[in-house]
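Below is one structure, written out as structure tokens; the observations come after it.
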């Protein structure tokens, strides 16, 4: 017979009986309501393992997982999830659903006390395993290349469908770009650029503005947006607003 004091399901019952939502604050270490990291991992790994996410677009997959997490932990499932940081403020954790080993943190620094729920999906789109680690643990991975932090900026469309935000690349990039570079078929748009094969920002703009309004035939796989493959080669200097596969707005920006 399982020791009730050690059975993590006792937290689920306490949370369900409390009527708290995922947004209600809980004191760290609360003996009835705060789920310790090992117990949180045990509950989520047991509850999510084997769940099929096949055929779900990226955003839908993320929402479905959050709904499952709520049910597993005894929380009522909200009709919509707020853009809170972290996404589960009460238990102080975020969820990350991915197939690769490279964890990507978007738009924020690591928080040492925050928990990060890493949900690994198999090639067959079933949840394989779930691990829970703290920000302090993840910080140690920054030097190994296993952790990537990404930051986004807000895109504000101008009055023209194609806009060159600045005429020149940054000073640090200028020595390596060429406005008249000819790229033959031996080059792939997903190759890493080198000194001799990097277009200037103006050249990128002039070449790619022609696809504004064009339909992309790229199949939608796990992403909600269909991205024209040509944009891979433009790297961080290109930004497009996309709607059902049609490129509506194109802008270029300089990068360091």
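The values are calculated or read from the model by the stated rules, or taken from the named source; none is laboratory data. Source: prediction; values computed, not measured. Note: ideal-geometry Cβ built from the backbone for every residue, glycine included; neighbour counts use all protein chains shown.
Structure summary
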| item | result |
| --- | --- |
| Answer residue from region 1-37, given it is in contact (Cβ under 8 Å) with a residue 60 or more places away in the chain and outside any loop (DSSP other than H, G, I, E, B) and is nearest to residue 128 (Cα to Cα) among those | 37 |
| Test: residue 40 is buried (at least 19 other Cβ atoms within 10 Å of the Cβ), under 15 Å from residue 114 (Cβ atoms) and touching a residue at least 40 places away in the same chain (Cβ under 8 Å) | yes |
| Residue count for region 53-87, restricted to those that are in contact with a strand residue (DSSP E or B) (Cβ under 7 Å, 6 or more places away or on another chain) and either part of a loop (DSSP other than H, G, I, E, B) or modelled with pLDDT under 95 (or both) | 5 |
| Filter result for residue 46 (at pLDDT below 90 and exposed (fewer than 14 other Cβ atoms within 10 Å of the Cβ)) | no |
| Residue 25 being at pLDDT below 95, under 25 Å from residue 136 (Cα atoms) and in contact with a helix residue (DSSP H, G or I) (Cβ under 8 Å, 6 or more places away or on another chain) | no |
| Single residue of region 61-74 satisfying the filter (closer than 18 Å to residue 98 by Cβ and in contact (Cβ under 8 Å) with a residue 12 or more places away in the chain) that is surrounded by the fewest Cβ atoms within 10 Å (Cβ to Cβ) | 63 |
